[in-house]
Every structure is written in C-alpha cells, then in structure tokens.
1. Using the Cα centre of the chain as the reference point, and only Cβ charges (+1 on K/R, -1 on D/E), how large is the resulting charge dipole? Debye, rounded to the nearest 20.
2. Using +1 at the C-beta of Lys and Arg and -1 at the C-beta of Asp and Glu, which of Thr264, Ala228, Pro5 has the Cα lying farthest in the positive direction of the dipole of the chain?
3. Report the one residue of Ala207, Ala24, Ser195 whose Cα lies farthest in the direction of the positive end of the charge dipole of the chain (charges on C-beta: Lys and Arg +1, Asp and Glu -1; origin at the Cα centre).
4. For Lys160, which lysines qualify as cross-link partners when the Cα separation must be under 18 Å and same-chain residues fewer than eight apart are set aside?
5. Return the long-range amide H neighbours of Arg90 (sequence gap of 5 or more, or a different chain), with a cut-off of under 5 Å between placed amide H atoms.
6. Mind checking the range 19-109 for GluC sites (Glu not before Pro) that DSSP puts in a loop (not H, G, I, E or B) and that have at most 14 other Cβ atoms within 10 Å?
7. List, largest first, the extents of the alpha carbons of the range 6-302 along their principal axes, each in whole Å.
8. For the range 5-107, with the dipole built from +1 on Lys and Arg beta-carbon atoms and -1 on Asp and Glu ones, taken about the Cα centre, which of Val46, Ala98, Thr83 lies farthest toward the positive end?
Amino acid sequence: MTPLPLQLSPEVADARAAGAPVVALESTIITHGMPWPRNLETAHAVEAAVRAAGAVPATIAVLEGVIRVGLAAPDLERLAKATEVAKLSRADLAACLARGGTGATTVAATMICAAQAGIGVFATGGIGGVHRGAEDSFDISADLQELAQTRVSVVAAGAKAILDLPKTLEVLETLGVPVIAVGQDGFPAFWSRESGLPAPLRMDDPAMIARAHGLRAALGLPGGQLVANPIPEDAEIPAATLAPLIAEAQREATARGISGKAVTPFLLQRLFELTQGRTLEANIALVLNNARLAAAIARALAAT
Ligand code: PSU
Ligand code: MN
C-alpha cells in the first residue's frame, strides 16, 4: 500500500504516545473563514485555550504534500497570510498529497486526518451543512457525510447559520449522526444561541459525551458525533438581528452565481461586512468556547 505522508509534531507525537489528551483543529477557518490578521491571532488563541484546559492542540493542514498534525508558529503564519491556498475536503485530499501541494483542511478533511493520527475529538466554529436553495443547487457540505463515516467527535456551535438548519438536521438524522446539544435543549445557530429548533440529544457532561463516543465504537458504528455547543451569552448576536442580513448575503451569492467551495467563504465575508465585523467577534468567541469543551472531552477520552 502507498504509505501515507503523515507527520505529527514532536509535541503531538509525545502526547499520542503517552495517551494524553489531544484536540484536533482545522485550518480552513484560518485561510477561508477569517480575515488577516485576526485569523492568525485566533489560531494562536484557540491553541492556548486548548492548552489552558489541559490538552495538546493539533492544528491540521497539508504542507508540500504532507499531512501535518500540529503546526509550528511559522507554518501557521504562512497559512494565515496565504491568499491562494486550496480548501481541501474528502474529494481532493489525496490529489493534493499526490501533487505535493499545500492546502487547508475543512471539517471533513480534518476529521480524516485526525482519525489517521488517532485523535478522537476536534474543535471548530460551525460545520458545513445543507445550503439554502439546496433543492436547486444540490449544495450540501461533505462535512455531513464525513460525520457519518469517520469516528471523530466534532465540537461546533451547531452548523453555520447561513445554512438551511432544518434541512441540515434532517440530513444528519438520515445519516445516523448523533447531534448533541450542550447545556440547553435547543440546537444552537452559530452566532446565536438558539435556532428555534430542538436538538435531537442533550448532554451537559463532557465525560458522558466521551462515553457515548466510545460506545459508538463498541457498537461497531462508523462515524462521529456533532457536539453542538452554544456561543457564550455575552458574545451572541440575536438570530432576529442576523436573519435579514443572512437573506441579503444569500441573495447576492445567488445573483453573482457563486457556487461550490466559494459559497461559504463568500457568505461569511459578506456577513462580516454587513455587521461591521460583529460576526467575526462572535465567531472568535464561539471557537474559543468550543476549544475548551473539546479539551474537556479529550481529557475524559484519555482517562478511559
Ligand atoms: N467554522 C467556522 N468557519 C469556517 C469553517 C468552519 O467558524 O470557515 C469552515 C470549515 O472548514 C467547514 C467549511 O468545513 O467552513 C464548510 O465549507 P463548505 O460549506 O464549502 O463545505
Ligand atoms: Mn458546498
């Protein structure tokens, strides 16, 4: 078999060897999700939050044809400044490795790489899902399929509110992905605490989330869990404030014919502009919050 070009940083390799808690982090949020220089500041702050909560952070990207698990500061800075870097998902990860290319990993690709590195929990902002108008565009993020196939629990503030959240929950149910809200009954809506939709499951204890993760493996079930952690109250933007702005951004995307991988970055950037930067501040707060919870789950996983 072709050997996998997978390189763990010394710190991540040591933590894995010792069975110590590790939290995977993605890189598309750095390259396509946030503007320079807040993207780099946030990448460092998220790593610090994981450490402060007692786990080792492992930011994942493909650099010159190698999957790198745990990035050094110069690598993070290079990615954060890059303007033309590829956004890699399940479909193009191997192709990028084959050409010796460089790319940022989405939720789907980060899950695949984390699983290869033996890491069971991953923190991000919000997963991809079913886009509004998907009945015409068929635009459904590969993140949903990945949650059904790859055994990594993903801590996110739900799915991004630019999406069609009812359809996203329906697809997750069809795929058999556990959607677990933390600390509330409702499914969170990324920048807002409540989507108005009930979450299928609720667990307030990180140790129970870790146990459920392990029991799915014991049952022989593939796939991970979506751990839906609401944004902290003091950082949220009420859904009613955002609704007309999301609709406006979506209209512009449709009118301009934005499609494929460009849709999510376009919508996030337009919401940033339409809210004078408020969505970015909320995004940063929710990622930090997710990093802390993921570290607690990783600690519980390591203790079993
Ligand atoms: N979370 C954020 N910001 C982001 C993302 C997640 O707070 O930009 C990225 C993730 O990499 C996720 C991707 O996989 O957005 C979704 O892209 P798409 O809708 O094209 O699948
Ligand atoms: Mn898409």
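1. It comes to approximately 480 debye.
2. Of Thr264, Ala228, Pro5, it is Pro5.
3. The residue sitting farthest along the positive end of the dipole is Ala24.
4. Leaving aside lysines fewer than 8 places away in the same chain, those within reach of Lys160 are Lys87, Lys261.
5. Ala109
6. In loop regions of the range 19-109 (DSSP not H, G, I, E or B), the sparsely surrounded GluC sites (Glu not before Pro) are Glu64, Glu84.
7. Its Cα atoms span 50, 40, 34 Å along the three principal axes.
8. Ala98
Where a number appears in this text, it was derived from the coordinates with a stated rule and is not lab data. Quantities reported herein were computed from a predicted structural model and do not represent experimental measurements. Here the Cβ is made from the backbone with ideal geometry for all residues, glycine too, and neighbour counts use every protein chain on show.
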